[in-house]
Amino acid sequence: MNKEKKKKKILLVAATAMEVKLLTDECTFIGSGADYFKTYAFGPTHFDLLITGIGTTFTTFFLTQVLLSEPYSLVLNTGIAGSLSDSLRIGDVVNVVEEEFADPGIEKENEILTLFDSGFMHPDEFPFENRVIKADATHYASMLSRVKGVTSGIGHGRESSIFELKNRFSASVESMEGAAVFYVCRWLGVPCLQIRAISNRVEPCDKASWDIPLALENLKSALLKVLTRLHDENS
């Protein structure tokens, strides 16, 4: 007799509920373990939703806590991001396949050194590979453009700091959580991927040029496609 195929236990991770509200509006609410942890279903596909709060500290704490208490087979990090690349338009949705931390670092008179630059860490120290951390479940979002991300403790809006960020890192998108998710998942051995929608360009602050509603609508559509693919693979 054939054994029943084991279904994937999925954890969706976002910094804020706003970033996934359009998605959850399309899903069936199943239950809640806490204000920041809920379970939903999209058709036959069930997933848990973890809202971590903004930034690497909150993300690392809550994600580690959940992964140590539940045996997940996939972590999907999602949300909006800023574009560092002229090739990405506002509203585009991307598959962030590798991440780099912009901080912590060592400030010198004319520059800021990363922990790798300053010699405090080796570029290939686990889970890094030549300074970056790679996602290992990117095939679930293969319909999206593959990009590199950089994770920063601040959302850059000053011309001088944006110039420095672009010069130091060859990233296409900036977020405040992505690298933390990859870091935790690689250490705990849980496959992960990251899907982000571009809400703005990383440039001196001009929120009039942002389009968060468009980014969130397109993000919802992409996430529903990924959940459908996950269901098809589980069937």
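The values are calculated or read from the model by the stated rules, or taken from the named source; none is laboratory data. Keep in mind the model is a prediction, meaning the values are calculated, not measured. Backbone-built Cβ (ideal geometry, glycine too); neighbour counts: all protein chains shown. Heads up: the accessible areas ignore ligands, DNA and RNA and are worked out on the full protein's heavy atoms, side chains in. Shrake-Rupley method; radii C 1.70, N 1.55, O 1.52, S 1.80 Å.
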Using per-residue counts of other Cβ atoms within 10 Å, averaged over each peptide, order 51-60, 124-133 from highest down.
51-60, 124-133
Only Lys, Arg (+1) and Asp, Glu (-1) charged, at Cβ; the range 34-117 dipole about Cα centre in debye:
480
Proximal charge balance of Gly105 [Cβ under 11 Å; K/R count +1, D/E count -1]:
-3
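Using Cα pairs closer than 8 Å and at least 6 residues apart in sequence, work out the relative contact order for the chain, in percent.
27
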Given contacts defined as C-alpha pairs under 8 Å and at least six residues apart, what's the relative contact order of the range 132-212, whole-number percent?
40
Could you give the C-alpha radius of gyration of the range 2-74 expressed as a fraction of 2.2 N^0.38 Å, taking N as the number of residues it contains?
1.16
Leaving ligands, DNA and RNA out of it, rank Arg186, Arg168 by accessible area with a 1.4 Å probe, largest first.
Arg168, Arg186
Simple spin-label model, 7 Å along Cα-to-Cβ: Asn130 to Ser161 in nm?
2.9
Share of antiparallel DSSP beta bridges in the range 32-186, in percent to the nearest 5?
60
Kirkwood-based Rg to Rh ratio, the chain, C-alpha trace
0.97
Cα centroid distance between the range 29-80 and the range 172-204, in Å?
15
Three principal axis lengths of the range 131-235 [C-alpha, angstrom, descending]
51, 32, 18
Evaluate the range 100-168: find the radius of gyration of its Cα atoms, find its Kirkwood radius, and give the ratio Rg to Rh.
1.03
Percentage relative contact order, the range 1-136, counting C-alpha pairs under 8 Å, at least six apart:
21
Computed E for Glu107/Ile54 - FRET, C-beta separation, R0 30 angstrom, nearest 0.05
0.80
Within the range 176-195, whose backbone N sits under 20 Å from a point 7 Å along Cα→Cβ of Ile154?
176-180
About its Cα centre, what dipole magnitude does the range 93-235 give when the only charges are +1 on Lys and Arg Cβ and -1 on Asp and Glu Cβ, stated in debye to the nearest 20?
460
